[in-house]
1. Kindly indicate whether A65 is at pLDDT 95 or above, part of a helix (DSSP H, G or I) and of a type in the set (G, A, S).
2. Is there any pair with a first residue in segment 39-57 that is more than 11 Å from S84 (Cβ to Cβ) and in contact (Cβ under 8 Å) with a residue 40 or more places away in the chain and a second that is of a type in the set (K, R) and not in a loop (DSSP other than H, G, I, E, B) whose Cβ atoms are under 7 Å apart and which are 6 or more apart or on different chains, and what are they?
3. Of C85, C47, which residue is within 16 Å of T6 (Cα to Cα), hydrophobic (A, V, I, L, M, F, W, C) and touching a Gly at 6+ places or on another chain (Cβ under 8 Å)?
4. Output the residues belonging to segment 5-21 that are closer than 11 Å to L93 by Cβ and surrounded by 12 or more Cβ atoms within 10 Å (Cβ to Cβ).
5. Search segment 1-57 for residues being polar (S, T, N, Q) and in a strand (DSSP E or B), and hand back the single one that is nearest to E77 (Cα to Cα).
6. Let me spell it out: the conditions are (1) part of a loop (DSSP other than H, G, I, E, B); (2) of a type outside the set (A, V, I, L, M); (3) modelled with pLDDT of 95 or more, and P102 meets all of them except one. Which number is the exception?
7. For P78, state whether it is surrounded by 12 or more Cβ atoms within 10 Å (Cβ to Cβ) and over 13 Å from A5 (Cβ atoms).
Amino acid sequence: MKIVATDRVGKEHVVEGRDGWSVMEILRDAGLPIAAECGGACACATCHVYVEDGWYEKLSPPSDAEVDMLDMALAVEPGRSRLSCQIVCADELDGIKVTVAPE
C-alpha cells in the first residue's frame with residue numbers, strides 16, 4: 001500500500017506501507033519528521049498527523065487513550081487529527097494522505 005505524506009515544509013512524499021505496521025513506523029523509517037518518542041505506545045502525541053481527503057472516516061475511531069493524547073497535542077484539528085502510531089497499514093488504506101502536524 002502507498003502512503004502519501006506531506007512534511008512540515010509542504011513537500012509530498014510517497015512511501016510504501018507494510019501490512020500490519022503503523023503509519024508512524026513507515027513515516028519514521030522513511031525519514032519524515034516524526035519524533036515518536038514513546039515508540040508507538042500511544043503515550044506522547046509526537047506522531048500527530050492530519051488525515052486528508054476523506055480518509056479520516058475510513059479509519060476506525062480513535063481509542064480513549066488516543067483522544068486523551070490528542071488533548072495534549074498542539075494544533076489539533078477535529079475530524080483530521082490522529083496519532084500515526086494508531087493507524088495500521090492495510091490494503092483498504094492504500095493511498096491514504098496524511099500531513100505531519102506542527103511540533
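1. yes
2. What qualifies is E52/K97; D53/K97; W55/K97.
3. It is C47.
4. G17
5. T6
6. Evaluating P102 over (1) part of a loop (DSSP other than H, G, I, E, B); (2) of a type outside the set (A, V, I, L, M); (3) modelled with pLDDT of 95 or more leaves (3) as the failure.
7. So P78 does not fit the description; no.
The values are calculated or read from the model by the stated rules, or taken from the named source; none is laboratory data. Predicted, not measured: the structure shown is a model, and the values here were computed from it. FYI the Cβ positions are ideal-geometry reconstructions off the backbone, even for glycines, and counts take in every protein chain you see.
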